[in-house]
Amino acid sequence: MKNNLELDKMLTHFANKLKCVNAELAACPEGTLMVTRRNDKISLFQTTGTRKDRRRICINQKPVLAQILARKKYLETEAQMLKDCILILEEATAKWEEPSSENILQKLAGNFNLLPMEYFLPLDAEIDTWETASYHQSDYLPEKKVHMTSRGLMVRSRIEVIIAEQLYAHQVPFHYEEVLLAAKQRLAPDFTIKRRRDGKIFYWEHCGMLQNAAYKSRYKWKMDIYETLNIVPWDNLIVTYEDGQNNIDMRIIESEIVNKLL
């Protein structure tokens with residue numbers, strides 16, 4: 001983008017202001033105000049004509065005329081300043097080039113422009129790109145995904161809705177049930193999370209049916225696989241649990257997010 005909207009706005013503002021000032025100047029009386037001081041006495045004069053035939057009339061007894069001529073001097077100075085500003089802004093607008101990522105990359109010398117843009121963007125921008133990028137989501141029993149988050153994500157349980165909403169609230173980027181391939185096994189962590197401050201990946205598993213023997217057995221198997229991948233609770237794995245009545249303490253969810261993911 002060549003021109004800047006803020007510069008254009010300032011140009012328009014100063015141009016309109018100059019029109020108003022010139023209109024007021026056109027209505028002012030002839031001449032200028034001269035102020036002299038002698039023996040602590042101030043005298044006011046209206047001067048007219050050119051340098052060769054200049055005339056000077058004392059207007060000490062004409063305060064209204066003196067005020068009008070003082071205002072005229074003020075307007076003349078303002079008009080000149082506005083003209084100077086307009087000239088500077090016109091020059092700046094002609095030279096202005098938006099310091100966008102695209103324009104910066106175009107100005108890079110050598111082979112830097114051969115690198116992908118992600119190399120030059122701040123970590124937050126790269127993480128935002130990661131969050132919105134497509135990924136391989138598990139297609140296991142899709143009919144079980146019956147709960148919807150505020151952003152339209154379909155999940156399997158109401159507690160997962162709560163976790164997702166808390167991640168949204170804290171602006172923590174995540175993927176839901178992104179497939180993780182390991183030792184010919186397909187895992188799908190409930191949440192794969194990328195921490196904004198350093199890009200570190202975390203995995204979040206929520207266990208809601210440990211009273212079910214088959215579920216409990218698969219949970220243990222999954223934890224074993226995670227450990228072989230160095231995905232462990234004391235580093236990069238978050239595990240939350242429900243009690244026997246499918247209840248959970250929201251303070252635990254909040255604590256995990258605040259203490260590990262921010």
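The residue of segment 185-202 that is modelled with the highest pLDDT, among those that are of a type in the set (D, E, K, R) and open to solvent by less than 50 Å² (accessible area, probe 1.4 Å), is Asp190. Within this structure, Met34 fails the test of being over 30 Å from Asn103 (Cβ atoms) and in a helix (DSSP H, G or I).
A residue that is touching a Ser or Thr at 6+ places or on another chain (Cβ under 9 Å), open to solvent by less than 80 Å² (accessible area, probe 1.4 Å) and closer than 15 Å to Ile193 by Cβ cannot be found anywhere in segment 139-149. Note on segment 184-239: residues that are of a type in the set (A, V, I, L, M), in contact with an Asp or Glu (Cβ under 9 Å, 6 or more places away or on another chain) and part of a helix (DSSP H, G or I) amount to 1. Taking segment 58-78 on its own, how many of its residues are within 26 Å of Ala23 (Cβ to Cβ) and free of Cβ contacts under 8 Å to residues at least 40 places away in the same chain? Of the residues in segment 58-78, 10 are within 26 Å of Ala23 (Cβ to Cβ) and free of Cβ contacts under 8 Å to residues at least 40 places away in the same chain. Just checking, does segment 158-166 include any residue being surrounded by 16 or more Cβ atoms within 10 Å (Cβ to Cβ) and either small (Gly, Ala, Ser) or farther than 17 Å from Lys145 by Cβ (or both)? Looking for residues that are surrounded by 16 or more Cβ atoms within 10 Å (Cβ to Cβ) and either small (Gly, Ala, Ser) or farther than 17 Å from Lys145 by Cβ (or both), one finds at least one in segment 158-166, hence yes. The set of residues from segment 168-184 being farther than 21 Å from Leu141 by Cα and surrounded by fewer than 19 Cβ atoms within 10 Å (Cβ to Cβ) comprises Tyr168, Ala169, His170, Gln171, Ala183.
Flag: Ala79 does not match the condition of being open to solvent by 40 Å² or more (accessible area, probe 1.4 Å) and over 30 Å from Arg197 (Cα atoms).
Of the residues examined, Ile252 is one that is over 20 Å from Ala188 (Cα atoms), open to solvent by 70 Å² or more (accessible area, probe 1.4 Å) and β-branched (Val, Ile, Thr). For first residues located in segment 150-165 and closer than 15 Å to Met250 by Cβ, partners that are among the acidic types (Asp, Glu) and outside any helix (DSSP H, G or I) and lie 6+ apart or on another chain with Cβ distances below 7 Å form the pairs Ile159/Glu242; Glu160/Asp190. For segment 1-21, the count of residues that are part of a strand (DSSP E or B) and not small (Gly, Ala, Ser) is zero. Do the conditions hold for Asn236, that is, is it open to solvent by less than 30 Å² (accessible area, probe 1.4 Å) and not aliphatic (A, V, I, L, M)? Considered against the rule, which asks whether it is open to solvent by less than 30 Å² (accessible area, probe 1.4 Å) and not aliphatic (A, V, I, L, M), Asn236 comes out as yes. Filtered by the rule that a residue be modelled with pLDDT of 80 or more, part of a helix (DSSP H, G or I) and within 27 Å of His170 (Cβ to Cβ), segment 107-138 gives Ile127, Asp128, Thr129, Trp130, Glu131, Thr132.
The values are calculated or read from the model by the stated rules, or taken from the named source; none is laboratory data. If you're wondering where the values come from, they're calculated on a predicted model, not measured in any experiment. Heads up, the Cβs are rebuilt from the backbone with ideal geometry, glycines too, and the neighbour counts pull from every protein chain shown. All accessible areas refer to the heavy atoms of the entire protein, side chains included, with ligands and DNA or RNA removed. Shrake-Rupley method; radii C 1.70, N 1.55, O 1.52, S 1.80 Å.
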